[in-house]
Amino acid sequence: MSRRVVVLGAGVVGLCTALECARRGFSVVVVDRKPRRRDGCSFGNAGMVVPSHFIPLAAPGMVSLGLRWMWNSESPFYIKPRLDPSLVAWGMRFWRAATRARVAAAAPVLRDLSLLSRSCFRGMDLEFGLVEKGLLMLCKEDHSLEEEVRAAGMANELGIPAVVLDAKGLAALDPEVTMDVCGGIHFPKDCHLSPGRFMGVLEEELLRLGVRFHWESEVLDFDTGSSSLKEVETSGGEICGDVFVLCAGVWSSKLAKTLRLSLPMQGGKGYSLTLTNPPQLPRLCSICTEARIAVTPMDGALRFGGTMELSGLGESVALRRVRGIIRSAMRYFPAFSEADFAGVEPWSGFRPVSPDGMPYLGRTRRWKNLLVATGHAMMGLSLAPATGKIVSDLIEESDPAVDLSLLDPDRFG
Ligand SMILES: Cc1cc2nc3c(=O)[nH]c(=O)nc-3n(C[C@H](O)[C@H](O)[C@H](O)COP(=O)(O)OP(=O)(O)OC[C@H]3O[C@@H](n4cnc5c(N)ncnc54)[C@H](O)[C@@H]3O)c2cc1C
């Protein structure tokens, strides 16, 4: 089949989409405003593949927790107060979506997406070092362990195995690392990988398959007919195609606006610190529940990631919050000291966060040859292969394996 697919954005969602399309025989072009050796959310993230994350960000309790954390300069969540109508509208939508009924409806969809993605990772037939040992949710306090035990019950009911462990059980699973915790949950189906390595392997494979990349080509506008797109206008010239896939991360909102579509998103800025020579190297990845930090071994290095800062799309680094990540890391892993983090350059990236915590995935009513694949927030790496598969199914006009109604890109207007 010689249909030309133009993928807008070379993050992990764009590359996984390009891979699936190229493997199905489409002619694929990938466009990105950055140079080939770029950085961004898809490179510095925590590398976790997470069927355990079946509860969307917009969940009961998150609004009040967020408001409490806002006043603590080292907390994992921060909204910079500002008179920005799009932020206010986003906040109202988040608040409306954070109900028990929404979570109950969203959880099976996220589960299906995650499990599909996990099987896509396993079946990719590329060597990128997927580690299938599971993920630990670590708790320091009894009340958070109780909450996690409840979540583990929900997970098991949904068919996602989750095992409750005390401190001894955790130590037995990962004996090489000292953890100061009271207990936690093991999600054996979760996996981890090194995102930089994964991105490199994807890019190599795409080149091998004949996919063409247009680097340093910022998408500025679209040439349209009455109901379809004809070409994208980029800073490097026009690119025409038969199908266009919008996967430009948090910047997709702006591009959607030029197409008279509404894809509300905030950039959830996060930081990570990668220790190339850590004093201890866990075997499993983990999330420190109270501090909301993620810890992932990556090919001998150890990455600590965290913070969700809704402060616009500026590149500045809030050193207080980076310090918060380091302090938290030392509280859960007492073998680590400040000296281990000395000289480690903090990385930052923007998660594309929709107000209801669900990705935008599917066709739009307005443009018949446009597909949208973005808004994956904290799960973009995890859900990218399933996203690519679903996009390709839709291009081929076959039914996707997951119910897409809650992911409708037109749901906010
Ligand atoms: C600290 C941290 C830890 C995380 N940990 C995890 C994790 O463990 N597991 C997980 O699943 N997810 C994790 N995430 C989230 C994950 O990184 C993101 O969801 C994912 O990278 C988003 O990928 P994307 O392809 O949608 O967007 P991006 O990676 O942002 O890619 C979008 C691309 O579009 C390009 N672009 C934008 N505008 C234009 C334009 N106008 N023209 C051309 N190109 C354009 C950009 O240059 C960019 O390359 C984490 C995020 C952070 C910040």
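Sort PHE222, PHE43 by heavy-atom solvent-accessible area, probe 1.4 angstrom, most to least.
Ranking PHE222, PHE43 by accessible area, largest first, yields PHE43, PHE222.
Which one of CYS41, SER354, GLY184 is farthest out on the positive end of the charge dipole of the chain, using unit charges on Cβ (Lys, Arg +1; Asp, Glu -1) and the Cα centre as origin?
Going by the Cα projections, it comes out as SER354.
Which percent, nearest 5, of DSSP beta bridges in the chain are antiparallel?
Expressed as a percentage, antiparallel bridges in the chain total about 70.
What are the residues whose amide H is under 5 Å from the amide H of THR234, where those residues sit 5 or more places off or on another chain and H is modelled from the backbone?
It is LEU220, ILE239, by chain and number.
Per the Cauchy relation, a quarter of the hull surface: what is the mean projected area of the convex hull of the alpha carbons in the range 262-354, in nm²?
That works out to 6.6 nm², a quarter of the Cα hull's surface.
Show which aspartates and glutamates lie in cross-link reach of LYS140 when reach means a straight Cα distance below 12 angstrom and same-chain residues fewer than eight apart are skipped.
The qualifying aspartates and glutamates are GLU148, ASP166, ASP180, GLU290.
For ASP84, what accessible surface area do you get with a 1.4 Å probe? Give it in Å², rounded to 10.
Accessible area, nearest 10 Å²: 40 Å².
Aspartates and glutamates near LYS257 by alpha-carbon distance under 20 Å, same-chain residues fewer than 8 away left out - which ones?
Answer for LYS257, where 20 Å is the Cα cut-off: ASP32, ASP84, GLU218, ASP221, ASP223, GLU231, GLU233, GLU238, ASP356, ASP408, ASP410, listed by chain and number.
When the helix-only estimate is applied to the chain (DSSP H runs of n ≥ 4, each -39,500 (n - 2.57), divided by the residue count), what is the mean residue ellipticity at 222 nm, nearest 500 deg cm²/dmol?
-10500 deg cm²/dmol
Please compute the Kirkwood hydrodynamic radius of the range 142-234 from all pairs of different C-alpha atoms, in Å with one decimal.
18.3
Give the shape of the range 206-326 as rounded, prolate or oblate, defined through the alpha-carbon gyration tensor: a ≥ b ≥ c are the square roots of its eigenvalues, a/c under 1.5 means rounded, and otherwise the shape is prolate if a/b is larger than b/c and oblate if not.
prolate
Mind ranking 154-167, 354-367 by how tightly packed they are, going by the mean number of other C-beta atoms within 10 angstrom, highest first?
Packing proxy ranking, top to bottom: 354-367, 154-167.
Using the Cα gyration tensor of the range 90-215, with a ≥ b ≥ c the square roots of its eigenvalues, what is the shape: rounded (a/c below 1.5), prolate (a/b larger than b/c) or oblate (neither)?
Oblate shape, in that a/c is at least 1.5 and b/c is the bigger or equal ratio.
Provide the solvent-accessible area of LYS133, counting protein heavy atoms only and rolling a 1.4 Å probe, rounded to the nearest 10 Å².
90
Tell me the GluC sites (Glu not before Pro) within the range 228-281 that lie in a loop according to DSSP and have at most 10 other beta-carbon atoms within 10 Å.
For GluC sites (Glu not before Pro) across the range 228-281 that sit outside H, G, I, E and B with at most 10 neighbouring Cβ atoms in 10 Å, the list is empty.
Picking from TRP95, LEU406, ALA342, whose Cα lies most toward the positive end of the charge dipole for the chain (charges on Cβ: Lys, Arg +1; Asp, Glu -1)?
TRP95
Protein chains only, probe 1.4 Å: how do PHE77, PHE187 rank by accessible area, largest first?
The most accessible residue leads, giving PHE77, PHE187.
Given the alpha-carbon gyration tensor of the range 135-185, what are the semi-axes of its equivalent ellipsoid in whole angstrom, ordered largest first, with each equal to the square root of 5 times an eigenvalue?
20, 13, 6
Compute the convex hull volume of the Cα atoms of the range 105-153, divide it by the residue count, and report the result per residue in Å³ as a whole number.
It is 100 Å³ per residue.
So which DSSP H runs in the chain come out at 27 Å plus along the axis (Cα) with average Kyte-Doolittle of at least 0.0?
TM-like helix candidates: 100-122.
Leaving out ligands, DNA and RNA but keeping every protein chain, what accessible area does MET62 have, in Å² rounded to the nearest 10, with a 1.4 Å probe?
Only protein atoms counted, so the area is about 40 Å².
Of LYS168/LYS269; LYS368/LYS389; LYS189/LYS254; LYS34/LYS80, which pairs sit farther than 24 Å apart, going by alpha carbon to alpha carbon?
LYS168/LYS269; LYS189/LYS254; LYS34/LYS80
Give the shape of the chain as rounded, prolate or oblate, defined through the alpha-carbon gyration tensor: a ≥ b ≥ c are the square roots of its eigenvalues, a/c under 1.5 means rounded, and otherwise the shape is prolate if a/b is larger than b/c and oblate if not.
Prolate is the answer for the chain, as a/c is 1.5 or above and a/b outweighs b/c.
The values are calculated or read from the model by the stated rules, or taken from the named source; none is laboratory data. Remember, predicted model here, so these are calculated numbers, not experimental data. Reconstructed Cβ throughout: ideal geometry from the backbone, glycine too, with neighbour counts over all protein chains shown. The protein model used for the area step is the full one, side chains on, heavy atoms only, and it has no ligands, DNA or RNA in it. Shrake-Rupley method; radii C 1.70, N 1.55, O 1.52, S 1.80 Å.
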